[in-house]
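In what follows, a single structure is set out as C-alpha cells and then discussed.
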Amino acid sequence: MAQLHCYLPDPEAEALKRRAEQAGMSLSRYLAELARKDLVTAWPPGYFERLYGNREIAPIKRSAPLEFEDRADLE
C-alpha cells in the first residue's frame, strides 16, 4: 500500500482530524475513504441490472392513457 505525504493549512488539518474522530476513524483511514469516493468513476458492475431488472426493488408501473382534450380551432 502506498504512503502519501501532503501539507495542509492548520485550520483544514484540524477540521479533517475532527471529522475523522466524529466518524470513528483514524485520520489516515478517513482520508483514504475521501480519496476512494472521489476516484469512483463508474457504476458498480451489475448495478443497473440489479436495480432496473429486479421488479421487487423498482417495479415499473404504467399509468392509464389520458384522453385528448377537445379545443376550439384557431382562427
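The values are calculated or read from the model by the stated rules, or taken from the named source; none is laboratory data. What you see is a predicted model, and the numbers here were worked out from it, not measured in a lab. Glycine also receives a Cβ, built like all others from the backbone with ideal geometry; neighbour counts cover every protein chain displayed.
Tell me yes or no: at least one residue of region 32-46 is modelled with pLDDT of 95 or more, outside any loop (DSSP other than H, G, I, E, B) and exposed (fewer than 10 other Cβ atoms within 10 Å of the Cβ).
So in region 32-46, the residues modelled with pLDDT of 95 or more come out as none.
Within region 32-46 (the criterion being modelled with pLDDT of 95 or more, outside any loop (DSSP other than H, G, I, E, B) and exposed (fewer than 10 other Cβ atoms within 10 Å of the Cβ)), the answer is no, since none of the residues qualifies.
Quickly run through region 1-30 and pick out the residues that are touching a helix residue (DSSP H, G or I) at 6+ places or on another chain (Cβ under 7 Å) and either of a type in the set (S, T, N, Q) or assigned to a helix (DSSP H, G or I) (or both).
16, 17, 19, 20, 26, 27, 30, listed by residue number.
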